[in-house]
1. Is one or more of the residues making up the range 86-101 under 23 Å from Ile205 (Cα atoms), more than 19 Å from the chain's Cα centre (by Cα) and either of a type outside the set (Ser, Thr, Tyr) or not assigned by TED's automatic domain parsing to the domain that holds Ser34 (or both)?
2. Quick check, is Glu165 at pLDDT 95 or above and surrounded by fewer than 19 Cβ atoms within 10 Å (Cβ to Cβ)?
3. Which of the residues spanning the range 157-176 are among the aliphatic types (A, V, I, L, M) and under 11 Å from Ala41 (Cβ atoms)?
4. Please work out which residue is surrounded by the fewest Cβ atoms within 10 Å (Cβ to Cβ), limiting yourself to the range 112-127 and to residues that are assigned to a loop (DSSP other than H, G, I, E, B) and among the basic types (Lys, Arg).
5. Considering only the range 90-103, I want to know if a residue exists there that is free of Cβ contacts under 8 Å to residues at least 60 places away in the same chain, touching a Gly at 6+ places or on another chain (Cβ under 6 Å) and closer than 25 Å to Phe175 by Cα.
6. Looking at Lys113, Lys137, Lys212, can you tell me which residue is basic (Lys, Arg) and in contact with a strand residue (DSSP E or B) (Cβ under 8 Å, 6 or more places away or on another chain)?
7. With respect to Ser173, is the statement that it is touching a residue at least 12 places away in the same chain (Cβ under 8 Å), crowded, with 19+ Cβ neighbours inside 10 Å and hydroxyl-bearing (Ser, Thr, Tyr) true?
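The values are calculated or read from the model by the stated rules, or taken from the named source; none is laboratory data. Since this is a predicted model, take the numbers as computed values, not measurements. Reconstructed Cβ throughout: ideal geometry from the backbone, glycine too, with neighbour counts over all protein chains shown.
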Amino acid sequence: MPKALKIFLRVIFITLGIIVIGMGSITAYIAWDSKRAVKEAAIDISSQVTGNPDGKMTIVEFVDYRCHYCPILNATLDEALQFEKDVKVVIRPVGWVDEQSKPIASFLIASGKQGKYVELHKKLMDLPSLPDYETVKTIAGSLGIDVAKAEEDAKGKDVEAQIEENQGYVMRSGFPGIPALIIGDRQFFLNEENMKSVNALRMEISDAYDRKAEQQKQTD
């Protein structure tokens, strides 16, 4: 084999090796970052917690108030919580669906500063149709929320940061979109069938308890 060809093939093999190692490193990093995002998303936001605030099992609910499927999943989750008394739900709004999504999400987060996030969230999830921004403000006023203050607070950098953070958690966790749930330490990937199934959700919660118990055994 000519020397020039040997050198060429050697360069090709080295290059391919570098590419393979690089791809492996990227894959490992993505998996590590996904686990980190799942863990970070479960950190409490005191004004945005429903279920049992002292629950030993945490569910993270990502929601866009202009998403047609989010109220369906929320209803399933609410029904499951009637049986699962030791579950805490951290609500994390995003602003993706349309131009009203982000203003509504921002307003909800700002309402949390007045201790009204969960109350307003539940009202919106129970509506027969998706709310627009003006409807959200009207309902907020009926709940005793200072609408003008909430609108001003919604412009804050902390509110903007939370929405960006929430959206980052969705993408980094590997979800294709919303609605999305993290149950315990694992993503619960949804489809039109299981987002309506209380049994499927409760089985996933049960699996999360089993994983937690197994992890506890390994650390003891």
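1. For the range 86-101, residues under 23 Å from Ile205 (Cα atoms), more than 19 Å from the chain's Cα centre (by Cα) and either of a type outside the set (Ser, Thr, Tyr) or not assigned by TED's automatic domain parsing to the domain that holds Ser34 (or both): present.
2. yes
3. Val170
4. Here the residue is Lys113.
5. Yes - at least one qualifying residue is present in the range 90-103.
6. Lys212
7. yes
Here's the yes/no breakdown for (1) among the hydroxyl-bearing types (Ser, Thr, Tyr); (2) touching a residue at least 12 places away in the same chain (Cβ under 8 Å); (3) crowded, with 20+ Cβ neighbours inside 10 Å:
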{"site": "Ser34", "(1), (2), (3)": "yes, yes, no"}
{"site": "Ala42", "(1), (2), (3)": "no, yes, no"}
{"site": "Val49", "(1), (2), (3)": "no, yes, no"}
{"site": "Lys56", "(1), (2), (3)": "no, yes, no"}
{"site": "Val60", "(1), (2), (3)": "no, yes, yes"}
{"site": "Ile72", "(1), (2), (3)": "no, yes, no"}
{"site": "Ala75", "(1), (2), (3)": "no, yes, no"}
